[in-house]
Ligand SMILES: C[S@@+](CC[C@H](N)C(=O)[O-])C[C@H]1O[C@@H](n2cnc3c(N)ncnc32)[C@H](O)[C@@H]1O
Ligand SMILES: [Zn+2]
């Protein structure tokens, strides 16, 4: 898998030398103990503080363990599996929840997970090792400047993450696919009702991207029961609402032990033209 990686500074190929990846110009990136590499361009200022915090990543890990989002993950894997990919890039992979399952689809694809959050990538890499996955590679990286060669990916997956239109076009093979998962209109409606007096539905998604044609859209919809106060708070921390909610509204969740909520995720399948 490493043969597909390029240097984030000079864009030349990277080779493994000892415990580092190096390019011809001698730019060098060390492997962390748990196997990931930081391939953020050190010259770009904003890189250092970007990406989800440790608290957000661990909230997500603990919420995912409840299984409440596993139908979303299965739904994604069914879509991707039909495309028989050999190389998948999970762009904005977070703590690797989706990447890990993608690595076990029938074609046994190589799965690259890239995220700006060191904490996310660290978790993904550790979990992958513990589960003995040899077809995953995680790296701290900016999805708007991915450290991977052009036209190498069969599928780019973007789950609840920013979309880097041009960069995804660059790394995808001709006729390859971009799969986007985004919150649908009713996503987490019941959850929001537990916090806010006036609940608005999410805006309808109608994405379009240069160089891609939308070939299909699908919806993953069900009602989830979120049990346990810790779990409820973990879900809250992984949503964008957490940082915009007043203390008074936040406190409404203090004594709640169970919430039934709509899960509504739109999937968009785009093909590179
Ligand atoms: C809402 S989270 C979704 C994470 C994961 N796909 C999931 O659904 O569990 C969005 C992720 O995008 C990452 N992210 C945001 N901007 C990024 C960028 N420019 N490059 C790489 N990752 C980025 C964040 O660090 C965060 O982990
Ligand atoms: Zn270099």
*Residues 112, 191 arranged by fewest to most Cβ contacts within 10 Å*: 191, 112
*How far, in nm, would the chain grow between residue 257 and residue 221 when pulled straight, counting 0.36 nm per residue and subtracting the alpha carbon separation?*
10.7 nm
_log₁₀ of I(q)/I(0) at q = 0.16, 0.18 Å⁻¹ - the stretch 56-178, Debye sum with one point per alpha carbon_ = -0.70, -0.90
*Under the Kirkwood approximation for Rh and a Cα-based Rg, what ratio Rg/Rh is obtained for the stretch 116-215?*
1.05
_Beta bridges by DSSP in the chain, antiparallel share as percent, to the nearest 5_ = 60 percent
_Please give the Cα centre distance for the stretch 145-191 versus the stretch 64-79, rounded to the nearest Å._
17 Å
*Which order do peptides 140-149, 209-218, 77-86, 257-266 fall in by mean Cβ count within 10 Å, highest first?*
140-149, 257-266, 77-86, 209-218
*In nm², what is the average projected area of the convex hull enclosing the Cα atoms of the stretch 47-272?*
11.9 nm²
*Relative intensity, log₁₀ I(q)/I(0), of the stretch 147-261 from a Debye sum that treats every alpha carbon as a point, q = 0.16 Å⁻¹*: -0.84
*Can you give the helix-only mean residue ellipticity at 222 nm for the chain, where every DSSP H stretch with n ≥ 4 adds -39500 (n - 2.57) and the sum goes over all residues, rounded to the nearest 500 deg cm²/dmol?*
-7000 deg cm²/dmol
*So, in nm, how far is label residue 81 from label residue 32 when the simple model puts each one 7 Å beyond its Cα toward the Cβ?*
3.0 nm
*Whole number please: convex hull volume per residue of the Cα set in the stretch 38-115, in Å³?*
97 Å³
*Would you mind calculating the gained length between residue 25 and residue 230 on full extension (0.36 nm times residue separation, minus the Cα-Cα distance), in nm to one decimal?*
68.9 nm
*Say each of residue 200 and residue 131 gets a label point 7 Å from the Cα, pointing the same way as Cα to Cβ; how far apart are those two points in nm?*
3.6 nm
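The numbers here are math on the coordinates, done by the rules we state, and not lab data. Remember, it's a predicted structure, so these values are computed and weren't measured experimentally. FYI the Cβ positions are ideal-geometry reconstructions off the backbone, even for glycines, and counts take in every protein chain you see.
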